[in-house]
1. Looking at the square roots a ≥ b ≥ c of the eigenvalues of the Cα gyration tensor of the chain, which shape do they give, rounded for a/c under 1.5, prolate if a/b is larger than b/c, or oblate?
2. Along the Cα-to-C-beta direction of D638, a point sits 7 Å from the Cα; which residues of segment 587-617 have their amide N less than 11 Å from that point?
3. How much of the DSSP beta bridge set in segment 542-620 is antiparallel, as a percent to the nearest 5?
4. In straight Cα distance, which lysines are under 29 Å from K435, not counting same-chain residues fewer than 8 positions off?
5. Distance cut-off 20 Å, Cα to Cα: go down the list K210/K271; K487/K615; K201/K271 and report the pairs above it.
6. K55: which lysines have alpha carbons under 18 Å from its alpha carbon, excluding same-chain residues fewer than 8 sequence positions away?
7. Rounded, prolate or oblate for segment 526-631? Axes are the square roots of the Cα gyration tensor eigenvalues, ordered a ≥ b ≥ c, and the cut-off for rounded is a/c under 1.5.
8. Filter the GluC sites (Glu not before Pro) in segment 510-603 to those in DSSP coil with at most 16 other Cβ atoms within 10 Å of their Cβ, and list the result.
Amino acid sequence: MTVQIDHALEEIRRFRPSPEFAAQAVAGEELYESARADRLGFWAEQARELLTWQKPFTRTLDWSNPPFAKWFDDGELNVAENCLDRHVEAGLGDRVAIHFEGEPGDSRDITYAELTDEVKRAANMLEGLGIGEGDRVAIYLPMIPEAIVSMLAVARIGAIHSVVFGGFSSDSLASRIDDAEAKLVITADGGYRKGRVFPLKPTVDEAIAKSAGSIENVLVVRRTGNEVDVVDGRDHWWHDTVAEASGEHAAKPFNAEHPLFILYTSGTTGKPKGVVHSSGGYLTQAAFTHKNVFDLHPETDVYWCTADVGWITGHSYVVYGPLANGATQVVYEGTPDTPHPGRWWEIVEKYQVSILYTAPTAIRSFMKLGRQIPHQFNLRSLRLLGSVGEPINPEAWIWYRHVIGGGSIPVVDTWWQTETGAIMISALPGVTDLKPGSAQVAVPGVSIDILTDDGTPVEGEEGGLLVVTEPWPSMLRGIWGDPERFKETYWEKFGDRYFAGDGARRDEDGDIWLLGRVDDVMNVSGHRLSTAEIESSLVAHPWTAEAAVVGASDETTGQAVVAFVILKASQAAHGDDVAAASEELRKHVATQIGAIARPRQVFIVNELPKTRSGKIMRRLLRDLAEGRQIGDTTTLADTSIMQIISEQVK
Ligand code: 6R9
């Protein structure tokens, strides 16, 4: 039924931008025209207009050695200076950069002048700890201003940050520390989540104990005041160290291609890959899209992106895009429903938020709670809504526009990835007629196509594979330490075209609809998880003989992790407390990887469906997990298996 309604909606609804919105919009049709006329010239112009270069570039793109692109590569800039000092020098020092709202209700406004001062001190503090150009710094912090200060301070001195989401386990943190050979971890005693303190420092201590030993120092921000172990000589309190540091710090220029950060993301194998981003190209596209897709008027707008800095959305649309553009934004530490289910809307009212950027999973959970909750607050300051992380179903799009947006403001659905660094597909508000459920069109200067499996462009409205056909400024520059995997994962399938791993189709108007991942990557609440990574975690448990994981569709989270596990004979012999075994394995995954990876269900079974060549047929398990009729089983080695598994799962 929902499918039918969604389908009907997608066929009939179109929303033309209101004349008032269009009249004041930052972006106009001419952006498309100039990008079409001269794509590289267009990006060069954006880079010059949006950023300040200490040494101007003369070359726009070097694509002589694909897939290794270089953008603006004879230019030099300092990313932190672009986000801070230059705004202060332009007389905007008193503008609020961050309205910080802690979960317990503490709040703090930080102006551009204050943020610049803090970042300079932090940069001196890092240099004092022996961090220099090219060194890797792991950041494992809650959503507090120090997370942003840390990232910018690392960038300022030309070091490379690797932010690890605070919900990840010590194992996950340790493997990221090792892969990047990080010298320093920046963490906090704890953070606030769901009304409680979650300690971070003990996890860091555990991770360092498990890791190969590259960490020399640990900086600890005091946030929650809970007791922490301090290792003499290794651990330092942020507030002590920063107080001693000088507030003078010159921003040295770095090459545009200098790596800015590594961010680990799930791929099709068990090992997360460290996606590497550059400085000049990344910042250009982050700033360009932030300004034009969100129609930013930095003098008047209050912008709020609800993502954590542990994800790419937090990197590009909490830190780099908004700050490069001199925006005023809200940063909120906690969960949407603490201490009450209207917390987000209370924040919108309190700060008069005008631009809100969030994920469909959040919108769907608010839908479930009902419109009476947002209706208790004055949301009339909102004038633009954005969505990211997974396809937004038309029903949720409409609800978002009507209940949160009051019925007439634009909703932009933005498609992009950790690897693309910035938004690639989205409507431009004020220009594009909006269509609920479709991410719509490539942003100016980006070239997208949909191909069949053999690499020919799809004609008509059939589904195919999404590719980017030309290099773009914020594209990933590689996978840390693994150029082969970089080539194999993204560039081998279609030559010099970037294979995104998503399915897509174009409708009769040429608008793009995303159809979900075509590989073994799941999308749970907008977070990427790999089936292989969770399977290897399950198999690492002493009770497990074999495991298969699928992403099953879930009303709220988009997809949910569902696991099928065969226990070892020794374990199975211990009796049949299946519920306890399944609970133990769920917990195990949460401890090994992080709570976001905890399977919704673990089914204990005796067999897994396999082809004659021994490949697990996840498609059939997905049918089962989603309660559907089981599909074609003829290629199974033993066709009766699914019958048996279905019985066991019941
Ligand atoms: C920014 C981000 C990337 C994957 C991507 C796709 C899915 C993201 C989407 C979307 C449909 C959208 N995705 N935005 N699917 N419509 N607007 O989420 O990066 O965490 O790397 O995930 O998320 O499947 O391939 P990341």
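1. Working: a/c = 1.44, a/b = 1.18, b/c = 1.23.
Judged from the Cα gyration tensor, the chain comes out rounded (a/c under 1.5).
2. Only 606-610 fall inside the zone, counting backbone N under 11 Å.
3. Values: 11 of 15 bridges.
Bridges in segment 542-620 are about 75 percent antiparallel.
4. Those lysines meeting the cut-off are K291, K368.
5. Numbers: K210/K271 17 Å; K487/K615 25 Å; K201/K271 24 Å.
Long pairs (Cα-Cα over 20 Å): K487/K615; K201/K271.
6. K55 reaches K70, K252.
7. Details: a/c = 1.57, a/b = 1.13, b/c = 1.39.
Verdict is oblate for segment 526-631.
8. Working: sites: E533, E535, E546, E555, E583, E584; in loops: E555.
Answer in residue order: E555.
Computed from the coordinates by the stated procedures, all read-outs in this text should not be read as laboratory data. Treat the numbers as computed from the prediction; the structure is a model and nothing was measured. Note: ideal-geometry Cβ built from the backbone for every residue, glycine included; neighbour counts use all protein chains shown.
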